[in-house]
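Trainee: Quick one: the structure is below, questions incoming.
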Amino acid sequence: MKTLILALFCFSIHPIYSIGLYKKGDKLYNWNRSGLDLYTGSNNKCEIIASLPFETQCTVIDDHLKKSSFEFVEIEPKLKEESEGDNFPGFSISGFWVKIKTKDGQIGYVFDGYLSKIKPGFKLDKSCFDKEFKLIKSKTSKPNPKKDNAYSYFYLYKNGASIQQTGSDYDSHIHYFIPNISLEEAYLLIKTPDYLDLSKASGDEETSIHGNDDELSFSSTLENTTLKKINTKTKKGVVIILEAFD
């Protein structure tokens, strides 16, 4: 497990919520693939009861513990001379303590930054969106041989989720919009070898990372993965953009 870092008290900073709003009785899932420690108290110095496996379901039994915020550093900061582009401030998972009960009856306290309402097995593909959400509109354009087999697909769902895909023989761009999730939840969702593997190079260039409070981008010679926070009066959530180039 990564080292837990005590952040500034919440009265001195804007409240930080990696996970969206939740309340007592809600069912949440662990999206930390390396496990999530369950403690006897709301402090990482307390005794560890167990390490909850990835995708463990738990029920919130007390959510009134948001007194001070904590964070796990997921990606270390990088100076401009260490990477291409501007300075990268790093990326952390931030949150608070919450008291939960697991399906097998264990009760304790966990860091809520790795919890999410996103159900286990959720993937970035149309079949999964069709299963989880209700499709209300679709528009497709089949490959056009006269324009490098250019094509486009668009699918809109009742809850506001959408999939937009365009491409040709030389590139592919897919936008997955998921409403009511945070940038951190989107990062945990794509943190798999299928979508994002920072341990290996792609082509002749290693993956470079750029980002700020509203966007996180992973770029290499052949592909880009970008997470963008959307926060307007009519649309809130994150769009995950997957791009591949030939």
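The values are calculated or read from the model by the stated rules, or taken from the named source; none is laboratory data. Here the structure is a predicted model, which means the values were calculated and not measured. Methodologically, a virtual Cβ is constructed for each residue, glycine included, from the backbone with ideal geometry; neighbour enumeration extends over all protein chains shown. Note: areas computed on protein heavy atoms with side chains; ligands, DNA, RNA excluded. Shrake-Rupley method; radii C 1.70, N 1.55, O 1.52, S 1.80 Å.
Trainee: Inside the range 145-177, can you point out the residues that are polar (S, T, N, Q) and in a strand (DSSP E or B)?
Mentor: The answer is 152, 162, 164, 165, 166, 172.
Trainee: Sort out which residues of the range 145-164 are of a type in the set (S, T, N, Q) and touching a Ser or Thr at 6+ places or on another chain (Cβ under 7 Å), and write them in order of number.
Mentor: 149, 152
Trainee: Given the residues 40, 59, which is the only one that is on the phi < 0 side of the Ramachandran plot and open to solvent by less than 50 Å² (accessible area, probe 1.4 Å)?
Mentor: Matching residue, one of 40, 59: 59.
Trainee: Take the residues in the range 211-229 that are in contact (Cβ under 8 Å) with a residue 60 or more places away in the chain and assigned to a strand (DSSP E or B); name whichever of them is farthest from residue 170 (Cα to Cα). Quick ask: steps written out before the conclusion?
Mentor: Keep residues of the range 211-229 that are in contact (Cβ under 8 Å) with a residue 60 or more places away in the chain, which gives 211-212, 216.
Of the ones still in play, those that are also assigned to a strand (DSSP E or B) are 211, 216.
Details: 211: 27, 216: 24 Å.
Ranking the qualifying residues of the range 211-229, first place goes to 211.
Trainee: For residue 176, indicate whether it is at pLDDT 95 or above and within 28 Å of residue 18 (Cβ to Cβ). I'd like the intermediate steps shown before the answer.
Mentor: Values: at pLDDT 95 or above: yes; within 28 Å of residue 18 (Cβ to Cβ): yes.
Judged against the criteria, residue 176 is a match.
Trainee: Considering every residue within the range 208-229, establish whether at least one is touching an Asp or Glu at 6+ places or on another chain (Cβ under 6 Å) and at pLDDT 95 or above.
Mentor: yes
Trainee: How do the pairs read when you match residues in the range 10-27 that are assigned to a loop (DSSP other than H, G, I, E, B) with residues anywhere that are open to solvent by 70 Å² or more (accessible area, probe 1.4 Å) and at pLDDT 50 or above, using Cβ under 8 Å and keeping only pairs 6 or more apart or on different chains?
Mentor: 19/117; 20/117; 20/180; 22/117; 26/117
Trainee: Follow-up. What pairs come up if the first residue lies in the range 50-62 and is in contact (Cβ under 8 Å) with a residue 60 or more places away in the chain and closer than 16 Å to residue 118 by Cβ, the second is open to solvent by 40 Å² or more (accessible area, probe 1.4 Å) and in a strand (DSSP E or B), and their beta carbons are under 7 Å apart, counting only those six or more places apart or on different chains?
Mentor: Final answer for the pair search is 57/27.
Trainee: Within the bounds of the range 198-209, is there any residue that is in a strand (DSSP E or B) and open to solvent by 30 Å² or more (accessible area, probe 1.4 Å)?
Mentor: yes
Trainee: State yes or no: is residue 15 at pLDDT below 90 and under 23 Å from residue 178 (Cβ atoms)?
Mentor: yes
Trainee: Something else: When you look at residue 152, is it among the small types (Gly, Ala, Ser) and either under 30 Å from residue 212 (Cβ atoms) or within 16 Å of the chain's Cα centre (by Cα) (or both), yes or no? Even if it seems obvious, please write down each step before you answer.
Mentor: Details: among the small types (Gly, Ala, Ser): yes; either under 30 Å from residue 212 (Cβ atoms) or within 16 Å of the chain's Cα centre (by Cα) (or both): yes.
Criteria met by residue 152.
Trainee: Right, something else. Hey, any hits in the range 159-178 for a residue that's closer than 22 Å to residue 29 by Cα, under 14 Å from the mean Cα position of the chain (by Cα), open to solvent by 50 Å² or more (accessible area, probe 1.4 Å) and polar (S, T, N, Q)?
Mentor: no
Trainee: So, one more: Between a residue in the range 160-171 that is touching a residue at least 12 places away in the same chain (Cβ under 8 Å) and within 19 Å of residue 125 (Cβ to Cβ) and any residue that is small (Gly, Ala, Ser) and open to solvent by 20 Å² or more (accessible area, probe 1.4 Å), which pairs come within a Cβ distance under 6 Å, given they are 6 or more apart or on different chains?
Mentor: Filtered contacts from the range 160-171: 166/152.
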